[in-house]
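What follows is a set of notes on a single structure, which appears directly below.
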Amino acid sequence: MFYKFIIIAFIFSTGCISGWILELFYRRFKLTNKEHIWVNPGFLTGPYLPLYGFGLTLLYLLAGLEDYIPVQETYMRRGVLFLVMSVAMTLIELIAGEIFIIRMNLKLWDYSQMKFNYKGIICLRFSFFWTLLGAVYYFLIHPHILNALDWFAHNLLFSFFIGIFYGVFFIDLAETFQMVGRIKKFAKENEMIIRYEELKNQIKLYAMEKSENYRFLHALYTEETSLPEHLKRYFEIQAAFLEDDLKNDFIDDKIDKVKEKIERLKEKI
């Protein structure tokens, strides 16, 4: 049982790190990133994305259930398996996205500009990508890692390094949620669902404009400007978007209340 736990722990950590690398390059070169800036993906400080950790762990577990699919034809059985993998990955996205929107007033990613999306947190295009990812994992990764995983699980030195990873990971998680709590408070006070990646992009562009030192890992901090100041500036930019009828982060059924607040702020200036 202990060895199974070590294997799952290793797969989760591998998914976290490899997913972070994948997202790093995807976000760098995607078409909407016209400035082609490097932005630390995800909401944690370090190089890991828990969503991908859960995803890879789920792919590993599902791949082991192939023989239980009641379909005789091999290609059809694998097709069903890949479809199940895609649905499972999409559900992980949906659950994680909903939790952060409802509990934290944060949207960690945004598919709202893509067709066939739901609340901007899942969409048909990425469900298709998850299907491809499941197939890649099944054919190129899963057959080659089973023996290696067994060796790793029985190697005490390897278990020590896994322990170090999780020690750093949980410290990072605790510190990040403290910071996210401050963003949540600001978002609730201003009737917003803040797009986390957009906030980080704006902070980096501001730092470049003002020639401030920008920390790649601590993406919400710059040398001379505090997080509350960045959040205030973010609100002002979203308010300008609202006045110009552009996409903004204010909650739709709170728009009238937000406009009243903006008018009061203008009167004070």
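Helix 196-210: angle to the longest alpha-carbon principal axis of the chain, degrees 0 to 90, nearest 10?
The helix 196-210 is inclined about 60 degrees to the chain.
Using the Karplus curve 6.51 cos²θ - 1.76 cosθ + 1.60 with θ = phi - 60°, what ³J(HN,Hα) values do you get for each residue of the stretch 73-89, in whole Hz, with x for Gly and Pro?
In residue order, the calculated couplings are 5, 4, 5, 5, 5, 5, x, 4, 4, 5, 5, 4, 4, 4, 5, 5, 5 Hz.
Viscosity 0.692 mPa s, temperature 37 °C: Stokes-Einstein D of the chain from its Kirkwood Cα radius, in µm² per second?
The calculation lands on 158 µm²/s.
Calculate the tail of P(r) for the stretch 1-126: the fraction of all Cα-Cα distances greater than 19 Å, expressed in %.
59 percent
Relative contact order of the chain, please, whole-number percent, based on alpha carbon pairs below 8 angstrom and at least 6 residues apart.
So the answer I get is 18 percent.
Once both labels are modelled 7 Å past Cα along the beta-carbon direction, what's the Ile8-Leu132 spacing in nm?
According to this spin-label approximation, the distance is 3.1 nm.
Run the numbers for Trp151 and Ser112: contour at 0.36 nm per residue of separation, minus the present Cα-Cα distance, in nm.
Length gained between Trp151 and Ser112: 9.7 nm.
Take peptides 63-70, 34-41 and line them up by average Cβ neighbours within 10 Å, highest first, as a rough protection proxy.
34-41, 63-70
May I ask for log10 I(q)/I(0) of the stretch 150-222 at q = 0.19, 0.23, 0.26 Å⁻¹, from a Debye sum over the Cα atoms as equal point scatterers with solvent left out?
-0.87, -1.05, -1.16
Kirkwood-based Rg over Rh for the stretch 168-208 (C-alpha set), two decimals?
1.06
Cross-link partners among lysines for Lys184, C-alpha distance below 21 Å, same-chain residues fewer than 8 apart left out?
Within reach: Lys107, Lys119, Lys200, Lys204, Lys232, Lys247, Lys254, Lys257, Lys259, Lys261.
Can you give me the three principal axis dimensions of the stretch 191-268 from its C-alpha atoms, in Å, biggest first?
Principal extents (Cα only, largest first): 37, 26, 19 Å.
Could you give each residue of the stretch 103-108 its phi-based ³J(HN,Hα) in whole Hz, using Karplus coefficients 6.51, -1.76, 1.60 with θ = phi - 60°, and x for Gly or Pro?
3J(HN,Hα) across the stretch 103-108, in whole Hz: 8, 10, 6, 10, 10, 6.
Helix 227-243 versus the longest principal axis of the chain: what is the Cα-based angle in degrees, 0 to 90, to the nearest 10?
80 degrees
Per the helix-only calculation at 222 nm, which mean residue ellipticity applies to the chain, given -39500 (n - 2.57) for every DSSP H run of n ≥ 4 and division by its residues, nearest 500 deg cm²/dmol?
Estimated from H runs of four or more residues: -22500 deg cm²/dmol.
Out of Phe235, Ala207, Thr222, whose Cα points farthest toward the positive end of the dipole of the stretch 191-268 (charges: +1 Lys, Arg; -1 Asp, Glu; placed on Cβ)?
With unit charges placed on the Cβ atoms, the residue in question is Thr222.
Every number here is computed from the coordinates shown, using simple stated rules; none is lab data. Remember, predicted model here, so these are calculated numbers, not experimental data. Positions of Cβ are backbone-derived with ideal geometry, glycine not excepted, and every protein chain shown enters the neighbour counts.
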